[in-house]
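Here the structure is laid out as structure tokens; the discussion comes afterwards.
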Amino acid sequence: MSSFTVRSLHLVLATSSSNIEGWRQLGELGIALLLSAAVGLEREIRQKSAGLRTHTLVGVGAALFMLISKYGFNDVLEPGRVIVDPSRVAAQIVTGVGFLGAGLIFVRGGSVRGLTTAASIWVTAAIGAAAGAGLPVLAAATTAIYFLVALAFPQVARRLPRSSTAISVLRVRYPDGRGILRHLLRVTTEQGFAIDEVSTGPNGRVGRASAEQTGANEGGRMVEVTMHVHGKGSVNDLAVILSELDEVDAVVAGDVNSANE
């Protein structure tokens with residue numbers, strides 16, 4: 001064996017025996033930081049349960065796991081004896097983030113909440129993993145797709161024809177002890193909506209100015225009624241009509257499975 005071959009072999013062994021970290025890896029981590037923060041900023045502006053910090057940490061963490069998988073085991077690799085499969089880490093990221101997303105989903109009154117937030121966490125982890133795997137174009141494209149789905153799709157969904165059996169939710173807040181609930185139910189049915197479920201609960205106490213304006217009794221106690229309704233009309237138009245009723249403080253309308261997402 002020539003001296004040149006021996007020197008080359010020693011160089012290869014020295015290179016493979018040390019973990020790799022440098023500007024390229026920092027750049028991939030930075031891409032994950034920027035893209036995941038962009039997704040988190042959108043959720044933060046919408047005041048969702050998982051916002052800027054959560055999404056940024058998930059994306060950066062997923063990217064770091066991928067970088068560790070790719071570059072963090074060179075010091076223990078031995079050809080033919082110790083072999084590392086970086087793709088296994090991506091599968092574990094999916095599983096781990098799945099548990100995190102499951103904690104954001106809950107069911108209340110027959111409706112599912114938090115699905116969109118959980119999905120955004122899942123996508124952010126994928127964006128971070130792609131950035132960490134050295135696929136910045138795919139990571140950026142996925143981020144653009146997320147904003148398309150999050151911002152444009154709701155506008156499209158509002159223009160789609162509505163099924164007469166699709167259930168929507170209405171939340172109406174008003175002063176307690178005024179008999180307003182009977183009026184709400186009557187107006188709702190007059191607008192062609194069927195009421196599937198009604199539940200009421202306390203909604204705190206109104207401020208002094210609001211109590212003086214409404215003349216609320218019992219110390220200004222407010223209640224909130226939640227109605228699940230379905231009909232061929234627009235639930236948003238119904239919300240406008242209910243909000244114009246005397247002494248109704250606020251009305252919020254939405255899909256029963258996407259409210260408060």
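Readers should treat all values here as calculations from the given coordinates under stated rules, not as data from a laboratory. Treat the numbers as computed from the prediction; the structure is a model and nothing was measured. All Cβ positions, glycine included, derive from the backbone under ideal geometry; neighbour counts span all protein chains shown.
Before moving on, here are some points about what is shown:
- Exposure proxy order (Cβ contacts within 10 Å, fewest to most) of 122, 23: 23, 122
- Each label point was placed 7 Å from the Cα along the Cα-to-Cβ direction; for residue 247 and residue 99 their separation is 5.2 nm.
- Multiplying the residue separation of residue 183 and residue 197 by 0.36 nm and removing their Cα-Cα distance gives an extension gain of 3.4 nm.
- Stretching residue 18 away from residue 156 to a fully extended chain increases their span by 44.4 nm, per 0.36 nm per residue minus the current alpha-carbon distance.
- Ranking of 181, 67 by neighbouring Cβ atoms within 10 Å, starting from the fewest: 181, 67.
- Among residues other than residue 248 with Cβ under 12 Å from its Cβ, the summed charge is -2 (Lys and Arg +1, Asp and Glu -1).
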